[in-house]
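J.: Mind looking over this structure? Questions follow.
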Amino acid sequence: MENINLIRKIAWSFQKSTHLEYDDLFQEAAFAYLKAMQKYTPKKGAITTYSFYCITSHLKNYVKKQNKYNLNIDYDEEITPLMSVSNYIKELPTDAKEIVNLILEQPLKYSLMPAKAVKKEIGNKLIEKGWRWSKLWIVMNQLKLAFS
């Protein structure tokens, strides 16, 4: 198979960002590559550029489907580790604690939401309390660094 390293690299990058099984992602990427080669014509650009676009588009759809069907998790097991970080939370600045406490009030709700939606909802709640957007983003970035 031509461009096998391209397929491997794309599958690997998706595995790192989604934490899905590499073998499954590689198989889907190879399938997308074969489909792309059936439709490829030189008018569509370089073969690697066209392949990259087709493979990444296919994998994005695959990941969305996997995330849609993998919501059957045991929430007690998922939330308990979050609750056990209370000692770590005590060391955070006061503003950061306020954000964490808002999230911990409804951990199940926020765990099912996309990160951008959580950020927006928490941001709107804090803006209503008198926070400024600049302060909000500084504290959000501090939390991101603290928990990464």
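We did not get these values from a lab; they are worked out from the coordinates using the rules stated. What you see is a predicted model, and the numbers here were worked out from it, not measured in a lab. Cβ coordinates were reconstructed from backbone atoms using ideal geometry, including for glycine residues, and neighbour counts include every protein chain displayed.
J.: Compute the signed sum of charges (Lys and Arg +1, Asp and Glu -1) over the other residues within less than 12 Å, Cβ to Cβ, of ALA29. Don't jump to the answer; show the numbers that get you there.
T.: Numbers: positive: ARG8, LYS9, LYS35, LYS60; negative: ASP23, ASP24, GLU28.
Local net charge: +1.
J.: Measure off 7 Å from each Cα along the Cα-to-Cβ vector at THR18 and GLU2, then give the distance between these two points in nanometres to one decimal.
T.: Distance between label points: 2.6 nm.
J.: Now for a separate question. What pairs in LYS43/LYS65; LYS16/LYS97; LYS90/LYS125 have C-alpha atoms more than 25 Å from each other?
T.: LYS43/LYS65; LYS16/LYS97
J.: Let me ask something else. Which value, in Å³ per residue, describes the convex hull spanned by the Cα atoms of the range 4-69? If you can, show how the numbers build up before the last one.
T.: On the way: hull volume 4.9 nm³, N = 66.
Roughly 74 Å³ of hull volume per residue.
J.: Working out 0.36 nm times the residue gap between LYS116 and ASN141, then minus their Cα-Cα distance, what length gain in nm do you get to one decimal?
T.: Gain on extension, LYS116 to ASN141, equals 7.7 nm.
J.: Test of understanding: what is the full-extension gain from GLN27 to LEU104, defined as 0.36 nm times their sequence separation minus their Cα-Cα distance?
T.: Computed gain between GLN27 and LEU104 is 23.9 nm.
J.: At a Förster distance of 22 Å, what's the computed FRET efficiency of THR41 paired with ASN61, Cβ-Cβ distance as r, to 0.05?
T.: Efficiency computed from Cβ-Cβ geometry: 0.45.
J.: When you count, for each residue, the other Cβ atoms within 10 Å and take the mean per peptide, how do 19-26, 52-59 rank with the highest first?
T.: Ranked from most to least packed, the peptides come out as 52-59, 19-26.
J.: At a Förster radius of 25 Å, what calculated FRET efficiency corresponds to the Cβ-Cβ distance of LYS129 and ILE89, to the nearest 0.05?
T.: Numbers: r = 19 Å, r/R0 = 0.77.
The formula returns an efficiency of 0.85 here.
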